[in-house]
1. Taking the condition at negative phi, more than 14 Å from every other protein chain (Cβ to nearest Cβ) and among the small types (Gly, Ala, Ser), does A:Ala29 pass?
2. Filter region B:223-279 for residues that are of a type in the set (Asp, Glu) and part of a helix (DSSP H, G or I); which is farthest from B:Gly156 (Cα to Cα)?
3. Of the conditions (1) of a type outside the set (Lys, Arg); (2) farther than 27 Å from B:Lys239 by Cα; (3) more than 14 Å from chain A (Cβ to nearest Cβ); (4) surrounded by 22 or more Cβ atoms within 10 Å (Cβ to Cβ), B:Gly179 satisfies every one except a single condition; which number is it?
4. Could you run through region A:116-158 and say how many residues are touching a helix residue (DSSP H, G or I) at 6+ places or on another chain (Cβ under 8 Å) and more than 8 Å from chain B (Cβ to nearest Cβ)?
5. May I ask you to verify whether B:Ala264 is closer than 30 Å to B:Ser86 by Cα, away from every other protein chain (no Cβ under 14 Å) and surrounded by fewer than 20 Cβ atoms within 10 Å (Cβ to Cβ)?
6. If you scan region A:100-115, which residues turn out to be under 23 Å from A:Thr215 (Cα atoms) and facing another protein chain (nearest Cβ under 10 Å)?
7. Can you give me the number of residues within region B:209-248 that are more than 22 Å from the chain's Cα centre (by Cα), surrounded by fewer than 19 Cβ atoms within 10 Å (Cβ to Cβ) and at pLDDT below 90?
8. Of everything in region B:42-83 that's surrounded by 14 or more Cβ atoms within 10 Å (Cβ to Cβ) and small (Gly, Ala, Ser), which residue is farthest from B:Ala263 (Cα to Cα)?
Amino acid sequence: MTAVQSETNPSASALASSGGSSKGASIHAKGISKIYGSGENAFRALGPIDLDIKPGEFVSLIGPSGCGKSTTLLLVSGLEPPSEGSVEVDGMPLTRPISEVGIVFQDHLLLDFRTALKNVMLQQEIRGLDKAELRERAANLFDRLGLKGAEDRYPRQLSGGMRQRVSIARALVHDPSMLLMDEPFGALDAITRTQIRHDLEMLWLETRKTVLFITHSIEEAVGLSDRVLVMSTSPGRIVEEIPIDLPRPRPAHLGEYPEFSRYAQQIYEIFSKLGVYRF
Amino acid sequence: MGPIMGMNRTMTEERTAEYRPSLDNGREGGLLAAIGQLRGSFAGSALIALISIAALLGLWEWLAIAFDVPTWLVPKPSDFLGRLVSDWQLIAGHAVATSITIVEGFALGVLVAVPLALAISSIGALERGLYPVIVFLNIMPKTVVGPILIIWFGIGPLVAALIVFLMCFFPVLVDAMAGFKAVDRRLFYISRSMGAGAWQSFAKFRLPAAMPHIVSGMKIGVVKAVEGVIIAEFIASNKGLGFMIMQASSFMDMPLMFAGLVAAAIVALLFNGLMSVFERQMMPWAHTGR
């Protein structure tokens, strides 16, 4: 079904063809941790953890708040150096921030003074990429993400869901090999969240970027991922790895799958065991 | 009922625009409707303002004549408005001098305050060291340094410009610092992930993100500048409206003093207007409807 859709949808095929569409990167992290401060005041915020993400894989990291999920994202992107351990992207050790990446945070972090399109085109301005090509890619993404007509609007004039969609367009317009998302739907209402989850899944099915998706929503994790990594409370460690074997694209109401409830139950049980839930 | 409806219309002009014709055709019609319609438009509100000012001046003129108030005590509007016309070259010359002083002092204030704010908000040690000094200087009445500056630089527009600088520098500094500090750290991550260098990070992310704060500091700064410039010229200049008013005062030339007052108000209005235009330019998203 996916293949048929990407053939019949002109914008989707344009998206795939323009710019040669870079493939997903592999992420390999070994024993990474983050320790703030030193001596007696040292605080271990994360790990050590290992990550092994295959090219084009959609992996979610789920865990209680404050367990170091966001820190993991910063370490994987090279934006913060790990205190211990090392990260390899496509087999190359990471020494500085990688640029083959798109990042989406919980807050849209769009620039108020730029229109939606100009926010997205910032990628082109700063990277010095071909303007016409990036404009076409941006137009395709706006189309795919239901942002048609919002190009010249300022972020303040858009709804929360629209802003986050623009933020996703900004993260993808330069065709990165990996997409890092830190609770991207956390601030959205349930209805918007379900729709945007589906739209993201469809985009991912066409482009097959490597995605590291950080969330504390079991529904999002199971609804989107190939694999869910469950983290413990602070300092976060990966305590369980759950491959999600559900057909794609996944439905709005995940309850349609009895397996979904099984996966959700499994994660609840891990959280209960860890003391995240105390009922 | 009519006037109240008219007032509502000004406030929600856009939304009620389509209902206007039906209201105007209503039974109240006539003059009230005409006034209501005038209130709806900018030209209308300007006209109403002009009419009320004219009425006030007319009352003043009439009272001054009726009670035979001497010109040296309170001049009639016809005296000082006439003076504004007959002596327009003198007054305009001083108004231009005052405007130049404002521009110089204000520009210097912004050019020093914004980079300093960036440095202070970026370097922790600088903040701890400099901030108490800045707070002290901010509390200190700025005109106090006038006599000192006169000794250093002599009486002239330069000293007035320096006082204006001191007056508008602090609000811009304080707001710009708040602005630079309020920039989300994750925005910095996004700029890094795009491969932005230090300069690009500043020019494309940090400075524009801090701009609303900087502009609001500048708005306060302009008000302080147009207020301060006259006082500065009272004490430390040989040019400008403040100086002209001071000189007129020593000759008991009341009409010229009042004419100077009107001219100063016009200069203040002009600078506040320019600031509003600048604000619209810098922050277009704040002025376009949803």
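The values are calculated or read from the model by the stated rules, or taken from the named source; none is laboratory data. Keep in mind it's a predicted model, so treat the numbers as computed, not measured. Ideal geometry is used to build each Cβ from the backbone, glycine not excepted, and the neighbour counts take in all protein chains shown.
1. Details: at negative phi: yes; more than 14 Å from every other protein chain (Cβ to nearest Cβ): yes; among the small types (Gly, Ala, Ser): yes.
Here the answer is yes, as A:Ala29 does meet what is asked.
2. If we filter region B:223-279 for residues that are of a type in the set (Asp, Glu), which is where we start, we get B:227, B:233, B:253, B:279.
Applying the additional criterion that residues be part of a helix (DSSP H, G or I) yields B:227, B:233, B:279.
Details: B:Glu227: 18, B:Glu233: 8, B:Glu279: 32 Å.
Ranking the candidates gives B:Glu279 first.
3. Every listed condition holds for B:Gly179 apart from (3).
4. Applying the first criterion (touching a helix residue (DSSP H, G or I) at 6+ places or on another chain (Cβ under 8 Å)) to region A:116-158 yields A:116-117, A:119-126, A:129-131, A:133-138, A:140-148, A:150-158.
With more than 8 Å from chain B (Cβ to nearest Cβ) added as a condition, the list becomes A:116-117, A:119-121, A:124, A:129-131, A:133-138, A:140-148, A:150-153, A:158.
Selection size over region A:116-158: 29.
5. no
6. Applying the first criterion (under 23 Å from A:Thr215 (Cα atoms)) to region A:100-115 yields A:100-110.
Of everything in region A:100-115, those that are under 23 Å from A:Thr215 (Cα atoms) and facing another protein chain (nearest Cβ under 10 Å) turn out to be A:Glu100, A:Val101, A:Gly102, A:Ile103, A:Val104, A:Phe105, A:Gln106, A:Asp107, A:Leu109, A:Leu110.
7. Number of matching residues: 1.
8. For region B:42-83, the residue satisfying everything is B:Gly44.
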